[in-house]
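The values are calculated or read from the model by the stated rules, or taken from the named source; none is laboratory data. Note that this is a predicted model, so its numbers are computed, not measured. Note: ideal-geometry Cβ built from the backbone for every residue, glycine included; neighbour counts use all protein chains shown. The area values use the complete protein model at the heavy-atom level, side chains included, leaving out ligands, DNA and RNA. Shrake-Rupley method; radii C 1.70, N 1.55, O 1.52, S 1.80 Å.
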There are 2 protein chains.
Amino acid sequence: MEALGRQILVEFYECNDEVLNDVAQIEAILLEGTRASGASIISHKFHKFSPHGVSGMVVIAESHVAIHTWPEYSYAAVDIFTCGDTIDPWIIQEHLKEHFESRNTSAMELKRGMFKVAEGQKLLFKPENAAKFNN
Amino acid sequence: MEALGRQILVEFYECNDEVLNDVAQIEAILLEGTRASGASIISHKFHKFSPHGVSGMVVIAESHVAIHTWPEYSYAAVDIFTCGDTIDPWIIQEHLKEHFESRNTSAMELKRGMFKVAEGQKLLFKPENAAKFNN
């Protein structure tokens, strides 16, 4: 079995509240981390909530990065969904952890889209998924 | 312990390939399903990949809905992240399942942002999270 995608779900607890409530900083940190991973950014959108909190999405050619922050709980939920072998999603996680100053982080990695492939074959990924299998 | 958010990760296998490759249909189906759940849509962005596939994000006041489709594998990965008690994320899952004509769907629900609360108290959620606890 091979997976089309891998997804990292990260719980950032005990973060810097001010950072988590600053939409401009959150946007800059996510974009920097995403670029550092080698991902290709297609679009991004960030929103500030009243009275607290930020939500943001970065669509990448290799899938997405999403964040929701609760500064009042010093907490941010982040999802990093990637496909292909060319980028390392953990680089994004490390970048965010450092800049959020999280003192308590937990993360899990899941496989998404599991398919049986013949021996010696691989699944192909967006954006290079022209053929069903790589022969 | 109480959770700030709940997240449903859905694997839609054996879908209608043509639907999965039609960015306009995917956008309409996701927005309809999201509205049906009672969520408040803040922004949305959908992209068509060449030669196949669609990625899309719907930011809602209650968090987000994200999709990535691989029509060449008849597969779509969907994340539904919600907070608060007012909306039912499973309504979105059901709506998508029906319109993607998925003959093989699996889903799991996770809790995000776990906090200890005193008895009789509840966590408050965006966008109504003005106070730390609901007394």
- [ ] Using a Gaussian network model of chain A whose springs link C-alpha atoms within less than 10 Å, name the residue from A:Glu72, A:Glu27, A:Glu101 with the highest mean-square fluctuation.
- [x] A:Glu72
Task: Calculated label separations, A:Ser106, copies of the chain, 7 Å along the beta-carbon direction, nm - done: 2.3
Open item on the list: Counting heavy atoms of the protein chains only and a 1.4 Å probe, report the per residue accessible area for chain B as a whole number of Å².
Closed with: 42 Å²
Task: Positive-pole candidate from A:Leu30, A:Ala3, A:Pro71, dipole of the stretch A:2-133, charges at beta carbon - done: A:Ala3
TODO: Would you kindly work out, in nm and rounded to one decimal, the distances from the label point of A:Ala118 to those of the same position in each other copy, ordered shortest first, with label points 7 Å along Cα-to-Cβ?
DONE: 6.6
Open item on the list: Accessible area of chain B with a 1.4 Å probe: how many percent of it is carbon plus sulfur?
Closed with: 48 percent
TODO: Tell me, for the rotation carrying B onto A, which chain B residue has the beta-carbon closest to the axis and what that distance is in whole Å.
DONE: B:Met57, 2
Open item on the list: Multiplying the sequence separation of A:Glu18 and A:Glu101 by 0.36 nm and subtracting their Cα-Cα distance, what value in nm do you get?
Closed with: 28.8 nm
TODO: Mind listing, in residue-number order, the residues in the stretch A:1-26 that have at least 20 Å² less accessible area with every protein chain present than in their own chain alone (1.4 Å probe)?
DONE: A:Leu4, A:Leu9, A:Glu11, A:Tyr13
Task: Across A:Lys122/B:Lys111; A:Lys48/B:Lys45; A:Lys45/A:Lys97; A:Lys97/B:Lys116; A:Lys97/B:Lys97, pairs whose alpha-carbon gap is larger than 24 Å - done: A:Lys122/B:Lys111; A:Lys97/B:Lys97
